[in-house]
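> Here it is, the structure, as structure tokens.
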Amino acid sequence: MHSITVQELARHHAEQPIELIDVRTHVEFSELHAAPAKNVPLSELDPDAVMTSHAELFDGQPLYLICQSGKRSLGASEIFQAAGYDNVINVMGGTQAWQATGLPIAESKQVISLERQVRIAAGTVTLLGILLAYLIHPYFLIMVIFVGAGLVFAGTTDTCGLGLLLSRMPWNRSSVSDLDTRSTST
């Protein structure tokens, strides 16, 4: 498995154009992403199609994969390797490291981020469960237990079912090209 730091990737990009694929969801990508990245969510990843397009534009050059922290892009790298493509490099630290280093980013001001939507939904279901358990029947505490178990699962596996569900909601499915993005440096 090949990996690269964001600083090394930025040097490569300064020398010649690179292809950087961000495997996060459309919503995450639209909120903030490395300026040279294009979005192909992990859930929609087709290694053959991506590599066919990549070979036409970047003959012989590696394909770079990035996500939020480097975990999902590492999984995407494994998918590419399982499909027989070895010229794929994972960006360590992901978009967080890219932004922290002060490299160019593109961002969009979304009304409510996906992370905030998850917190609002989890808090609402928890409060509603407690209220219903108090006013109607103690069995409504099952809602609170379900949310708590979901949060523990999300924390230990770095996979949030509620986040995945919310990302599929109509208000979160806007096309990245429809958003007003701007390139900034931090």
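Since every read-out is calculated from the coordinates, none of them should be taken as a lab result. Everything numeric in this text was worked out from a predicted model, so none of it was measured. So basically every Cβ, Gly included, is an ideal-geometry build from the backbone, and we count neighbours across all protein chains shown.
> Restricting to DSSP H runs of at least four residues, report the calculated mean residue ellipticity at 222 nm for the chain, -39500 (n - 2.57) per run over all residues, nearest 500 deg cm²/dmol.
Numbers: 8 runs with 92 residues, N = 186.
Mean residue ellipticity, 222 nm, calculated: -15000 deg cm²/dmol.
> Then there is this: Can you order the peptides 70-79, 121-130 by their average number of other Cβ atoms within 10 Å per residue, highest first?
Values: 70-79: 19.8, 121-130: 14.8.
Per-residue Cβ counts within 10 Å, averaged per peptide and sorted highest first, yield 70-79, 121-130.
> Moving on. Just need the relative contact order of region 45-150 here, percent rounded to a whole number, with Cα pairs under 8 Å and 6+ apart. It would help to have the intermediate numbers written out before the result.
Details: 84 pairs, mean separation 19.7, N = 106.
Result for region 45-150 is 19 percent.
> Take each complete run of DSSP H in the chain, measure how far its Cα atoms stretch along the helix's own axis, and keep only those covering 18 Å or more with mean Kyte-Doolittle hydropathy at least 1.6; list them. Please report the intermediate quantities before stating the final value.
Working: long enough: 114-135 (31 Å, 1.19); 141-157 (24 Å, 2.22).
Counting only whole DSSP H runs, the qualifying helices are 141-157.
> With contacts defined as alpha carbon pairs under 8 Å and 6 or more residues apart, what's the relative contact order of the chain in percent? Before the final figure, lay out the partial values.
Working: 267 pairs, mean separation 48.4, N = 186.
About 26 percent, as a whole number.
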